[in-house]
Structures are given as structure tokens and as C-alpha cells.
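Reviewing the structure listed below.
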Amino acid sequence: MTPAAENIFTSSAVHTPSTHDTIAINLESTLPTVKSIRQDVSIRLKSTNYLPWKTQVLPVLRSLGLVGFIDGSATRPDPDDLSPNAVQWHRLDQMVLAWLTNSLSEAAVTQIGTCATSAEVWHSLEVLYGTLTRSRILQLKTELQSMTKGALSMADYVQRVKSISQNLANAGKPIDEDDLVMWLLRGLGSEFDPIVAAINLSRDSPTVDEVTALLFDFELRLQTTRRDIVQPTAMYSARGRGRTHFGNRSVRGRGKFGDGQGGGRTSQNRASPSPTTSRGGRGTPGQRLKGAPRTTDDSNVVCFRCGHPYHKANNCFAPDSVITNQVQSFAAINLSDQVDHAWYPDTGATNHMTADTAQLEGMTPYSGLDSVMVGNGTGLPITHVAKVSIPRTSVHLDRVLVVPNLKKNLLSVSQYTRDNDCCFIFYPWGFLIKNLKTGQTVLEGTRQGGLYPIHMGTSPSAVSLFTNKTDGDTWHARLGHPSFSLMKSLYPLLNISFSINKFFCRSCQMGKASKLPFTRRKSYSTQTLHTLHSDVWGPAPTSSIDGFRFYLIIVDECSRFSWYFPLRRKSEVGLLFIQFIKLMEKQLDKTVKFVQTDGGGEFMSHTLQEFFLSHGISHLVSCPGTPE
């Protein structure tokens, strides 16, 4: 019994001291109830929160002097001991056992069903939840290395990284602070590259808390920047009927922009009223936008032409080139928010999936319980099943799953090849879909941005005219399929980048072919020396040390074994060939029946032809114009 535990007992009975300490108890006045203990220990023990639970339980037991009952320092009486001290020890132990049990989850309670004392319960919980296995440690390290911020807030992301690090430290595998900073920065997106570069270039190694503070501040600046660009983007995306002046130019459109009259359609991003002024079409020049407050102080005004404060558009002196670049930038921002109608072949998808219901046919509600599992382990719900026919192609997709939370249209390579009896062929520059029965090309496309999209063939919106450029393949076709050298000289004038390594024109390859490919042979020799293929290479530009300038090669069709013979002159072929055949027939106990050559003069000599006739060897000559 620990001294702290002895202090909560008072002796009210006189008895002979045993091997145990002399104790007496007044439970009602000294010890708290189970209900009050649960208020002090608010955490229910689960498999994932052992350390916080232990942190709450130990101070309570220490304050009452009862730690000896769980660590074994309060000696357990003998089972046959019926003294008051023994009885009171068991009452205290069971009280601690009740406290521990009431702070456990239902799953944890089932693990300690055979434990009779509080020490046994504490030891079992330590073994079950306090000791991590090697597989769990590897799992935590893998989770830390693959952790990414994604859509999480910076606070949630940092908390997850620190939680994994703390679990590894509890398992006796602490992560070095420099390594933890490295993993923390590695999981950030590209928008955090500036602050990551600044941290990596710092001379002193920052702590995790210092890096966290920098990341929080940078995230706040990013959020502020995103809010600042909303107003000019909306200003551009509204189309107006009448005239709206950008510098010295005017743009005609439909709808209301400025104070131009006439109703009409607007784009998806409706322009909200702005406190700036513009020269509206059909209205009074310099008239306010509707809904704008009347201000006489320019200190709160921001020019929509150049984006700078303290002046209005009619007093702006920014050159037109600056305004044009800004308009193109705003158009690019609008384009990034548009729906991507392309389909992307995916070898990891089991079904076709899309979130764009505008292109679907025959939609029926999905009654199953399945969901789409994505990379971070999240399950996305499925709402409908439909069909899709991609315009301007022969691609028809059946059993397409409608997943509203999906960002891209995924074409399952497995499902499509199974349903249509075809195959995908991916090249560094593009891809082909071929019918396995006919061998015809069903669809072909190019590689774009590291992916192989199948476009729907929809026409680009008017706003995209600022940023969309005709690709090099289209210009190559428009110009009549010119040569590479001519294309390289023309493309800079068209402001188009051109790379020979990435360029591929199927029409040029097929149209400029000079001969048809060979058909596969259906029969081959199955015995050695049955058929020999032979050819002569040379003359070499430089003679060897022994004066050789030609080489005779003989290949056995069955075994693919090859023989090489150096020659000084072509006229030596006939005699060497005769000696070779006699030697091989003698050594291998086989006879040569066919000899295939290209019909060169060295093989058509009178001596060699007589040898072939006398030995019953058929001389096969390749067709003219086929040096292969």
C-alpha cells in the first residue's frame, strides 16, 4: 500500500496487524462517486485516443492516492485473508475498477471481460491500445508521407500531420523536427510554392510552430487575393447591349452593361453594381451604373480599366495594351470555371462516370448502395445511370454512373473495351481506339496536358476567343501538310509552338508510304539447315587489318543461328558458300533444301548455280525492290 493511499484511510477497529498495512476506510466522506469521476474524465477510451484518455485518468487517481491499485504497488491481499484491511482493499480496488470501466467505450469494455482487478484492467488496456505493432507504425509513416492538404483548411491539415507525428512518438518512433517540416511542406499545393521556396532558402532550420505560423499567414493572404479578383472578373463577364468603352474601343453585346438600355441574356456570372463609372451606350455619357452609391470622394474608387484606385475610368491614362491584357486575363479566369466536357480514359475506373447531366440520355435513378471510392478514401454517391453518345465520334457509352461530386468525365477503359470489343493504344503523342475484329481505327486523339482527352466537339464560347488558339495540327492540315522544315519557319509567324518530337500526322505517314507492308508467312521450317537465308554486306569504307571489306552472313531459319564470314572480294562468295554447305551437312547430318538470297551477282554465279542443281537445293530469290 502506498503512503498516499494510507492517508485516505482511518482506523476505527482494533486488530492485530498482518503482513499488509493497517488501513481503515471512510468511503462516503473521502472518495468521489462514479458520476463525479465521469465528469473529470470526459473522454471515452477508443482504439485511437489512448494517450488523451490516459492523460485525463492518471491525475484523478494521483489526486486520490489510488495509483497503487493500477500499477501494483498497493499489494493485493491473499484470497483467504478476511481481515478488515483486506475487505477494505477489495472495496477500493473495485471502486477504481468501476471508474475505469465507466470511462471506456463499448468496444473497449468487451476486451476486459475476464479482468477481476483494476491492475489487470490497466495492464490489458496498456497492451491493447498503448503498444503499436510494426504494421501500424509502417501505416502511420505511409500516411504521413502521402498526406496532402487538398481541400482541407490549413488548420485541419497541420493538425492531422501533428497527430500522426504524435502517434509515432508514442510508439517510440519520433519524427525529427526537420523531417516533419519537410513532410508538412511537401503536402501543400502549388499555390503555396512561394512560401515553401522562402522557407527552404532560409539559413536557420525553422521549427514546426514557426512554419505553421508562416503558412497560416500565407493562406490568409491567398484568401484575400481571391476575394480581390472577384469584382473585375464579374465586370468583364457581363455582356451589354449598346456600347461599353474600354479605352478608345467599344464592344457591342446584349444585356445591360453600364447603363445601356435593352434587355437580353447575360453570362453565367452576372455583373453586380459597381461604384465605378463608365460611358454607357445609349445613355448619358459618364452616367452611374444602376444601384451604385452616389459618391463625390474618389478615395474609395477603383478604376475597372486598369484596376488601380483613386481615379475613375473616364480619367484613366493607362495604355490600351494594358487594358487588353487585363481583359484577356479576366476571360481566362472565366474559362477556368466552365464545365469540362471532355472524357478522360481511365484504366483505374470500373465504370464510366460523369457529373454533367446535360449530355446524358435515358437517365434512370440508381437504386444500389454502392459509391465511388476516390484516392483519399472518400466515397462519392451515385444518383443515376444513363447513356452517352459523344458527338462527331462513333463512341457510345452505356451504363454511365452519374456522380454529382465528380470533377471530370471518366471513361472506363476496362468497360469500353469489354463492351465494344476494341483496344486502346497509347503513344507519347496521342492514342488510338481500334476495333479488334476489323482492325479499323474507331477514334484517335492527341495528348494534352499529360492526359488523353476525348473531346465532345462543342463549339467554344465567345469569351474563349481571347485565349483559344488553333493548334499546330490544324495549321498543318490547312497549309497542305508541308514538310517539317517549312512548318518550323511558319509557326513562329502564327505564334504557335512546334516540336518535331511531339508532332505526328497520320495522313502524312500513310500518304507518303512508298510500298505496302509484308504479309506474315504462315509456315516456317522446323528442321535445322532446311532453309538458309544469306546476304552480303559491303564494301566497307575502310578495309580491316587483314584487308577484308565484305561480310557474308548466313542465317538458319529454324534455329536463327547466324554465321559471319569476312571477305576481301565478292567473287569469294560462291566457293565459300559451297564449302559451308558441305561442312554443315557433314557435321549435322542434315541436308539443305532451300537457300533464300536477294539475287545478287555473287549468288547467281555459274559455279554456285550448278552446285545448287547437282545437290537438289532450290534457290529462292526475293522480289525486286525488296532489299529486306
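The values are calculated or read from the model by the stated rules, or taken from the named source; none is laboratory data. Please read these numbers as outputs of a predicted model, since none were measured by experiment. A quick note on method: Cβ atoms are made from the backbone with ideal geometry, for glycine too, and the neighbour counts reach across all protein chains shown.
If you go through the stretch 577-604 and pick out every residue that is crowded, with 16+ Cβ neighbours inside 10 Å, under 18 Å from Trp537 (Cβ atoms) and either among the polar types (S, T, N, Q) or more than 58 Å from the chain's Cα centre (by Cα) (or both), you end up with 6. Filtering Thr607, Thr597, Thr591 for residues that are assigned by TED's automatic domain parsing to the domain that holds Val536, among the β-branched types (Val, Ile, Thr) and under 13 Å from His530 (Cβ atoms) leaves a single hit, Thr591. With respect to the conditions (1) under 20 Å from Ile617 (Cβ atoms); (2) surrounded by fewer than 15 Cβ atoms within 10 Å (Cβ to Cβ), Asp546 falls short on a single one, namely (1). Do we find a residue being closer than 18 Å to Gly445 by Cβ and at pLDDT 75 or above anywhere in the stretch 485-496? There is no residue in the stretch 485-496 that is closer than 18 Å to Gly445 by Cβ and at pLDDT 75 or above.
Against the conditions (1) closer than 22 Å to Ser146 by Cβ; (2) surrounded by fewer than 12 Cβ atoms within 10 Å (Cβ to Cβ), Val181 satisfies every one except (2).
Taking the stretch 351-376 as the range and being among the small types (Gly, Ala, Ser) and farther than 30 Å from Lys149 by Cβ as the test, the residues that pass are Ala358, Gly362, Ser367, Gly368.
Residue count for the stretch 600-609 under the criterion of being touching a residue at least 24 places away in the same chain (Cβ under 8 Å) and either of a type in the set (Lys, Arg) or in a loop (DSSP other than H, G, I, E, B) (or both): the result is 5. Of the listed requirements (1) farther than 24 Å from Ala540 by Cα; (2) under 60 Å from the mean Cα position of the chain (by Cα), Tyr564 misses just one: (1). Scanning the stretch 610-624 for residues that are surrounded by 14 or more Cβ atoms within 10 Å (Cβ to Cβ) and either out of contact with any His (no Cβ under 7 Å at 6 or more places or on another chain) or in contact (Cβ under 8 Å) with a residue 40 or more places away in the chain (or both) yields a total of 5. Scanning the stretch 395-437 for residues that are among the hydrophobic types (A, V, I, L, M, F, W, C) and under 19 Å from the mean Cα position of the chain (by Cα) returns Val403, Leu406, Leu410, Leu411, Val413, Phe426.
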